[in-house]
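**Student:** Can you read through this structure? Questions will come right after.
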Amino acid sequence: MTVLDMAKVETVRPSLSLEDIVDSAATALADASALEIVRWASATFGDRICLTSSMSDAALIHLVSKVRPGVDVLFVDTGYHFAETIGTRDAVEAVYPVNVINVRPTRTVAEQDRDLGPRLHGRNPDLCCHLRKVAPLGRALEGYMAWFTGVRRDETSSRQDMRVVEWDRRRQMVKVNPILNWSEDDVDNYIADNGILVNPLHYDDYPSIGCAPCTARVEPGADPRSGRWSGLGKVECGIHL
């Protein structure tokens, strides 16, 4: 593994804005390993950085917790998750040295059905995702300077231009994507090599897991994300747009 020259990467100093730090780090870390990216972010932001996880697997959780034990892991509990996803969340909390924080919408599913009508996810999936995912996470992130995500370039076309360190203009914070350059094989190998917890739905033809009403099984050989919002012309929940 190459050793990153950390002197070339800007860290937080009073004379620098966060946007300056992003530009410097994005260039210096473009070809760095995931572990090097995590080390830089942890050293730079300390306890002002958190991690978000959909509990599809615990690869990123394992990677970050090796560098920063006790890191806050934000899980957006939409009220629509598969039982297997909730079980994975509980297992992660028991197995890894992290602080799992459940982030919930302001309305329960029943309250949303009462106020906006049932099955909003089928009638207006963008609004449903905003109310149950995007807005709650935005509120939860307000206490941090930066956050780790598990996004990868190979997942959707909208992620092709992402950088390993980005300025999240909407939330006015730094977004760190340590495994952005990983392939699905890289993820699978990391899981196998480290005995990582995996959501059991992955072994039941659900390669990409979201809320139960909007996630379907995927035929062998099909696009792994083709089971998400199938038939609705939607590929992102909005968190990473």
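**Student:** Using only alpha-carbon positions, what ratio does the radius of gyration of the chain give when scaled by 2.2 N^0.38 Å?
**Tutor:** The reported ratio for this selection is 1.01.
**Student:** About its Cα centre, what dipole magnitude does the chain give when the only charges are +1 on Lys and Arg Cβ and -1 on Asp and Glu Cβ, stated in debye to the nearest 20?
**Tutor:** 820 debye
**Student:** I need the peptides 115-128, 88-101 ranked by packing, meaning the mean over residues of other C-beta atoms within 10 angstrom, with the highest value on top.
**Tutor:** Final packing ranking: 88-101, 115-128.
**Student:** Let me ask another. Between Ala91 and Ser24, how many nm apart are label points set 7 Å from Cα along the C-beta direction?
**Tutor:** A separation of 4.2 nm, rounded to one decimal place.
**Student:** Before rounding to the nearest 500, sum -39500 (n - 2.57) across all DSSP H runs of length at least 4 in the chain and divide by the residue total; then give [θ] at 222 nm in deg cm²/dmol.
**Tutor:** -9000 deg cm²/dmol
**Student:** In percent, how large is the relative contact order of the chain, given Cα pairs closer than 8 Å and 6 or more residues apart?
**Tutor:** About 22 percent, as a whole number.
**Student:** While we're here: What's the ranking of 202-214, 50-62, 183-195 by average number of surrounding C-beta atoms within 10 Å, highest first?
**Tutor:** Per-residue mean Cβ counts within 10 Å order the peptides as 50-62, 202-214, 183-195.
**Student:** Could the peptides 66-76, 230-240 be put in order, highest first, of the mean number of other beta-carbon atoms found within 10 Å of their residues?
**Tutor:** Result, highest mean Cβ count within 10 Å first: 66-76, 230-240.
**Student:** Right, another one. At a Förster radius of 41 Å, what calculated FRET efficiency corresponds to the Cβ-Cβ distance of Ser183 and Ser17, to the nearest 0.05?
**Tutor:** According to the calculation, E is roughly 0.75.
**Student:** Ok, one more. Dipole of segment 70-167 (Lys/Arg Cβ +1, Asp/Glu Cβ -1, origin at the Cα centre): which of Val103, His121, Met145 lies farthest to the positive side?
**Tutor:** Of the candidates, His121 comes out farthest on the positive side.
Rule-based calculations on the coordinates, nothing more; no lab input. Every value quoted in this text rests on a predicted model; they were computed, and no experiment measured them. Methodologically, a virtual Cβ is constructed for each residue, glycine included, from the backbone with ideal geometry; neighbour enumeration extends over all protein chains shown.
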